[in-house]
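Chemist: The following block contains the structure, expressed as structure tokens.
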Amino acid sequence: MRLAIRYSRAGFTLIELIISMALMVITSGILASIIALNFEVLENFSDREKLLTRGILATTLFERELGMLIDSTNVVIADDQQFRFNDKYGNTFEYSVSSSNLTRQEIGVGSALNLASPVINSDTKFQYYSANNSELTSVPLSAANRKLVKLVKFKLVMDDGGAGVTLLSTVYPENMKIYNH
């Protein structure tokens with residue numbers, strides 16, 4: 001008995017294989033670009049979140065320390081880019097905006113610490129208000145005007161490569177008893 005071997009012509013041609021491989025390469029390229037774009041978006045989101053976290057930590061520290069101000073006679077320097085004050089424990093703190101950094105220094109203890117960076121220097125500023133909520137605008141404040149300070153607003157604008165991330169901190173120091181007026 002003789003076996004007959006038959007060859008089928010139902011296989012793929014070389015052209016069909018080349019076309020299907022080209023389609024797979026194109027599809028892979030599109031998927032790779034979509035994945036790369038998603039990683040870029042995720043990285044930008046992560047960077048912005050880190051920037052925002054640093055800013056929140058900086059403003060929270062400012063609020064906490066300024067809350068320990070005894071009275072407005074302990075405001076030493078009140079400028080739009082620099083604020084120095086003495087707390088109820090006799091510590092002197094200075095917050096300063098310079099170039100693209102927000103720094104904090106406890107006077108007489110170590111060197112200045114960089115709290116937030118990069119900041120948009122022209123938009124980051126301290127603002128001062130009296131007990132009747134009128135803004136004290138002639139900065140740096142004179143000794144007489146520093147005694148009027150009952151509220152400090154701090155606007156921190158951090159550079160995210162776009163419009164910036166703005167954080168606003170408003171502090172009525174507890175020891176000034178502004179809430180009882």
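Chemist: Of everything in region 58-91, what is within 25 Å of SER138 (Cβ to Cβ) and either touching a Gly at 6+ places or on another chain (Cβ under 7 Å) or among the basic types (Lys, Arg) (or both)? Give them in sequence order.
Modeler: Selection gives ARG84 alone.
Chemist: Quick one: is VAL25 surrounded by 12 or more Cβ atoms within 10 Å (Cβ to Cβ) and at negative phi? Steps first, please.
Modeler: Numbers: surrounded by 12 or more Cβ atoms within 10 Å (Cβ to Cβ): no; at negative phi: yes.
So VAL25 does not fit the description; no.
Chemist: Right, something else. Quick test for you: out of PHE93, PHE154, pick the one residue that is aromatic (Phe, Trp, Tyr) and in contact (Cβ under 8 Å) with a residue 60 or more places away in the chain.
Modeler: Values: PHE93 fails: in contact (Cβ under 8 Å) with a residue 60 or more places away in the chain.
Just one listed residue meets the conditions, PHE154.
Chemist: For residues in region 53-106 being closer than 14 Å to THR124 by Cα and assigned to a loop (DSSP other than H, G, I, E, B), which is modelled with the lowest pLDDT?
Modeler: SER99
Chemist: For region 34-57, enumerate the residues that are closer than 10 Å to ASP160 by Cβ and among the hydrophobic types (A, V, I, L, M, F, W, C).
Modeler: LEU51, LEU52
Let's see how each residue does on (1) β-branched (Val, Ile, Thr); (2) under 18 Å from ASN86 (Cβ atoms); (3) touching a strand residue (DSSP E or B) at 6+ places or on another chain (Cβ under 6 Å):
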position	(1), (2), (3)
LEU102	no, no, yes
GLY110	no, yes, no
ASN114	no, no, yes
VAL119	yes, no, yes
ASP123	no, no, yes
TYR129	no, no, yes
GLU135	no, no, yes
VAL139	yes, no, no
ALA143	no, yes, no
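Chemist: Out of all the residues in region 127-165, which are in contact with a Lys or Arg (Cβ under 7 Å, 6 or more places away or on another chain), at pLDDT 90 or above and closer than 30 Å to VAL41 by Cβ?
Modeler: Listed by number, the list holds a single entry, LYS155.
Chemist: Moving on to the next point. Six or more apart or on different chains, Cβ under 7 Å: which pairs go from a residue in region 8-32 that's hydrophobic (A, V, I, L, M, F, W, C) to one that's surrounded by 10 or more Cβ atoms within 10 Å (Cβ to Cβ)? Could you list them?
Modeler: Matching pairs, first to second residue: none at all.
Chemist: So, in region 107-152, exactly how many residues are surrounded by fewer than 17 Cβ atoms within 10 Å (Cβ to Cβ), among the charged types (D, E, K, R) and part of a loop (DSSP other than H, G, I, E, B)?
Modeler: 2
Chemist: What residue, of LEU167, LEU141, is touching a Ser or Thr at 6+ places or on another chain (Cβ under 7 Å) and in contact (Cβ under 8 Å) with a residue 60 or more places away in the chain? Quick ask: steps written out before the conclusion?
Modeler: Working: LEU141 fails: touching a Ser or Thr at 6+ places or on another chain (Cβ under 7 Å).
Every option except LEU167 fails the conditions.
The values are calculated or read from the model by the stated rules, or taken from the named source; none is laboratory data. Because the structure is predicted, anything quoted here is derived from the model rather than measured. Positions of Cβ are backbone-derived with ideal geometry, glycine not excepted, and every protein chain shown enters the neighbour counts.
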